[in-house]
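Novice: Input: one structure, supplied below.
The values are calculated or read from the model by the stated rules, or taken from the named source; none is laboratory data. The structure presented is a predicted model; accordingly, all values stated were derived computationally and were not measured. Note that we place each Cβ from the backbone using ideal geometry, even for glycine, and neighbour counts take in every protein chain shown. The area values use the complete protein model at the heavy-atom level, side chains included, leaving out ligands, DNA and RNA. Shrake-Rupley method; radii C 1.70, N 1.55, O 1.52, S 1.80 Å.
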Amino acid sequence: MCEIQQLVNCPESFTPDMRCIMGETPSVNGYFVLVGMNSSGLSFAGGAGRYLAEWMTYGFPSENVWPLDIKRFGSLQSSRTFLRHRVMEVMPLLYELKVPRWDFQTGRQLRTSPLYDRLDAQGARWMEKHGFERAKYFVPPGKDLLALDQSKTFYKPDWFDIVGAEVKCCKEAVCVVDMSSFTKFELSSSGEQALDLLQRLCANDLDVPVGHIVHTGMLNERGGYENDCSVVRLSKNSFFIISPTDQQVHCWSWMKQHMPNDHELQLEDVTWKFTALNLIGPRAMDVLSELSYVPMTPEHFPSLFCKHLFASEQRDDIIKSAIEHAGNYIGITLRVRKDNIGFEQFVNFRLGKYSTDDSVTSLAEFVVQKISPRHSEPVKRTLALTETCLVERDPATYNIVTLKPFGEGTEFIGRASLMKQRQEGVTRRFIMFVLEDHDTELDLWPWWGEPIYRNGELVGATSSSAYSYTLERHICLGFVQPPQTGLARPVVFTPDFINNGDFEIDIGGQRFHAKAKLYPFSSLFAQQRRRKNDMELSNFQGKE
């Protein structure tokens, strides 16, 4: 029996997402914070104090602490009105079980796109991302909205069939997705200062012809990712940068930190200035051909290309970019099917409502469906920094090899670390797993953080999971590493570690066999296409 020796009653601090705040502030270099323990200061003090001390001493912590980084919040999330309402919701939730896809109900609608009212009237159910309202899915007529909103489960979610219908529409017709929440910057200069800065910050070559799009990463000195983005060269000395939604503050801070003191080099946050519409599906080109006076064939508008256009009667520039963003809807799609073309359209915000109204009239002729980013949220071709691209992971960990040549005179941040990694190898890799004996209807679903076992030994954990409506199986992404215990030198990862291993993923205490894919994406769908072609050929021969 224990006796209480002392009872302490004092004020406590809470944060908008129930996680503490730590790290270097984006506005003042060298000013570090560690606050907002949400009544867990005693239990978090040792680990949080260690990581902050490492951060202040070495410039980075030894583990990924992005979920706690102060840069995950924007200025709107610091307003007194928002905090007053959110804290009243946070306190009762501290000890409540959190289910996947759970959203806060207070402090909402801080940031919305010009299409919010229109999408809401058509059944959109919303989630919050960095203070921005984004559609989770669209509820068809006749569905019980209240039941869907209150649904909480670790098993098959109630929105499963709804999202499945959205994916089917993407694959067979054409859909439009409102992705206005994505971070958007414009970098410009009077001379070559903008290009010089990006060449130093980015691991890919940005000295490309005007109109070309480059998907690249911004690395730190250790070769790890600080930002994952697509860069469009609008003119000789002007670039348009597109990054994940919640990287707005982090990316801005990283770029400003490395910008020279040159008044002729300008960085502007234009996230608020553009509505972003993602048009995907095999008939996307047909729709754009109806809306634009410029030919949209692959010969005139190739992949990873951008043009200034105007649509319908709107006499203002519209940036359209042929970015292959959708793919086959599993894992992280690195290669898009040839019959599934994706376009992104960035419209000036003041024209967003009117341009979309014109678009909808034309899209209706093609039985287009508005869908939510959820159908591709965990399965996009780009690596979201918050889920998979971590600051201590280099491109080789993700099997990414499209980097600048390492020749003499080629310098960018992280180059030395990548050269060392080329010589010594890496100790872990980013792998895709396909669950083979998992019952979607009856078993617990994987969401993220599930342990990964190889031949019965723990070797990693998943970073994200999703159901593939194409493969009709669950897909898990995660990092695996050969055991390092008791060894003088680190064990370098080799393909044999994947090819000769029997992998399992633990979901709620039950292990499921998983097929590991080291270079999964192109080969996986090549096999699927071959199976489909074989079936069609056998059906044709049967008819004869």
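Novice: Need the failing condition index for Pro61 against (1) surrounded by 14 or more Cβ atoms within 10 Å (Cβ to Cβ); (2) over 21 Å from Lys98 (Cβ atoms); (3) in contact (Cβ under 8 Å) with a residue 24 or more places away in the chain; (4) of a type outside the set (Gly, Ala, Ser), just the number.
Specialist: Failed condition: (3).
Novice: A follow-up question, please. I need the full set of residues from segment 30-52 which are open to solvent by 50 Å² or more (accessible area, probe 1.4 Å) and either of a type in the set (Gly, Ala, Ser) or out of contact with any helix residue (DSSP H, G or I) (no Cβ under 7 Å at 6 or more places or on another chain) (or both), in order please.
Specialist: Gly30, Tyr31, Val35, Ser39, Leu42, Ser43, Phe44, Ala45, Gly46, Arg50, Tyr51 - these are the residues of segment 30-52 that are open to solvent by 50 Å² or more (accessible area, probe 1.4 Å) and either of a type in the set (Gly, Ala, Ser) or out of contact with any helix residue (DSSP H, G or I) (no Cβ under 7 Å at 6 or more places or on another chain) (or both).
Novice: Now for a separate question. Which count do you get for residues in segment 439-448 that are open to solvent by 40 Å² or more (accessible area, probe 1.4 Å) and at pLDDT 90 or above?
Specialist: 4
Novice: Determine whether Lys168 is open to solvent by 10 Å² or more (accessible area, probe 1.4 Å) and out of contact with any His (no Cβ under 8 Å at 6 or more places or on another chain).
Specialist: Values: open to solvent by 10 Å² or more (accessible area, probe 1.4 Å): yes; out of contact with any His (no Cβ under 8 Å at 6 or more places or on another chain): yes.
Yes: the conditions hold for Lys168.
Novice: Could you list all residues from segment 64-86 that are in a helix (DSSP H, G or I) and in contact with a Pro (Cβ under 8 Å, 6 or more places away or on another chain)? It would help to see each step written out before you state the result.
Specialist: The initial filter retains those residues of segment 64-86 that are in a helix (DSSP H, G or I), namely 66-68, 70-72, 75-78, 80-86.
Ile70, Lys71, Gln77, Phe82, Leu83, Arg86 - these are the residues of segment 64-86 that are in a helix (DSSP H, G or I) and in contact with a Pro (Cβ under 8 Å, 6 or more places away or on another chain).
Novice: Phe497: under 13 Å from Arg428 (Cβ atoms), modelled with pLDDT of 70 or more and either within 27 Å of the chain's Cα centre (by Cα) or surrounded by 13 or more Cβ atoms within 10 Å (Cβ to Cβ) (or both), yes or no? Don't jump to the end; show me each part of the working.
Specialist: Numbers: under 13 Å from Arg428 (Cβ atoms): yes; modelled with pLDDT of 70 or more: yes; either within 27 Å of the chain's Cα centre (by Cα) or surrounded by 13 or more Cβ atoms within 10 Å (Cβ to Cβ) (or both): yes.
Against the criterion (under 13 Å from Arg428 (Cβ atoms), modelled with pLDDT of 70 or more and either within 27 Å of the chain's Cα centre (by Cα) or surrounded by 13 or more Cβ atoms within 10 Å (Cβ to Cβ) (or both)), Phe497 qualifies.
Novice: Answer yes if at least one residue in segment 9-21 is part of a loop (DSSP other than H, G, I, E, B), open to solvent by 50 Å² or more (accessible area, probe 1.4 Å), among the acidic types (Asp, Glu) and in contact (Cβ under 8 Å) with a residue 60 or more places away in the chain, and no otherwise.
Specialist: Scanning segment 9-21, I find no residue that is part of a loop (DSSP other than H, G, I, E, B), open to solvent by 50 Å² or more (accessible area, probe 1.4 Å), among the acidic types (Asp, Glu) and in contact (Cβ under 8 Å) with a residue 60 or more places away in the chain, so the answer is no.
Novice: From the list Asp161, Asp205, Asp196, Asp178, exactly one residue is acidic (Asp, Glu) and in contact with a Ser or Thr (Cβ under 7 Å, 6 or more places away or on another chain). Which is it? Show your work before the answer.
Specialist: Numbers: Asp161 fails: in contact with a Ser or Thr (Cβ under 7 Å, 6 or more places away or on another chain); Asp205 fails: in contact with a Ser or Thr (Cβ under 7 Å, 6 or more places away or on another chain); Asp196 fails: in contact with a Ser or Thr (Cβ under 7 Å, 6 or more places away or on another chain).
Going through Asp161, Asp205, Asp196, Asp178 in turn, the sole match is Asp178.
Novice: How do the pairs read when you match residues in segment 65-80 that are more than 11 Å from Leu110 (Cβ to Cβ) with residues anywhere that are assigned to a helix (DSSP H, G or I) and of a type outside the set (Gly, Ala, Ser), using Cβ under 6 Å and keeping only pairs 6 or more apart or on different chains?
Specialist: Val65/Tyr51; Lys71/Val249; Lys71/His250
Novice: Still on this model: Among the residues of segment 150-172, are any more than 30 Å from Asn64 (Cα to Cα) and among the aromatic types (Phe, Trp, Tyr)?
Specialist: Yes, because at least one residue in segment 150-172 is more than 30 Å from Asn64 (Cα to Cα) and among the aromatic types (Phe, Trp, Tyr).
Novice: When segment 22-36 is examined, which residues are found to be out of contact with any Phe, Trp or Tyr (no Cβ under 6 Å at 6 or more places or on another chain) and either closer than 20 Å to Lys98 by Cβ or not in a loop (DSSP other than H, G, I, E, B) (or both)? So that I can check it myself, show each step before the final result.
Specialist: Filtering segment 22-36 for residues out of contact with any Phe, Trp or Tyr (no Cβ under 6 Å at 6 or more places or on another chain) gives 22-23, 26-36.
If the condition is that a residue be out of contact with any Phe, Trp or Tyr (no Cβ under 6 Å at 6 or more places or on another chain) and either closer than 20 Å to Lys98 by Cβ or not in a loop (DSSP other than H, G, I, E, B) (or both), then Met22, Gly23, Phe32, Val33, Leu34, Val35, Gly36 are the ones that fit.
Novice: Looking at His300, His263, can you tell me which residue is of a type outside the set (S, T, N, Q), modelled with pLDDT of 85 or more and surrounded by fewer than 12 Cβ atoms within 10 Å (Cβ to Cβ)? Can you show your working first?
Specialist: Values: His300 fails: modelled with pLDDT of 85 or more.
Unique residue meeting the criteria: His263.
Novice: Another question, then. Would you point out which residue out of Asn227, Asn278 is closer than 30 Å to Ala165 by Cβ, modelled with pLDDT under 90 and crowded, with 20+ Cβ neighbours inside 10 Å? Can you show your working first?
Specialist: Numbers: Asn227 fails: closer than 30 Å to Ala165 by Cβ.
Answer to the check: Asn278.
Novice: Pairs, please: C-beta under 8 Å, at least 6 apart or cross-chain, first residue touching a residue at least 12 places away in the same chain (Cβ under 8 Å) and in segment 241-253, second crowded, with 21+ Cβ neighbours inside 10 Å and of a type in the set (Phe, Trp, Tyr)?
Specialist: Pairs that qualify, where the first residue is touching a residue at least 12 places away in the same chain (Cβ under 8 Å) and the partner is crowded, with 21+ Cβ neighbours inside 10 Å and of a type in the set (Phe, Trp, Tyr), are Ile242/Phe182; Ser243/Phe182; Pro244/Phe182; Thr245/Phe132; Thr245/Phe182.
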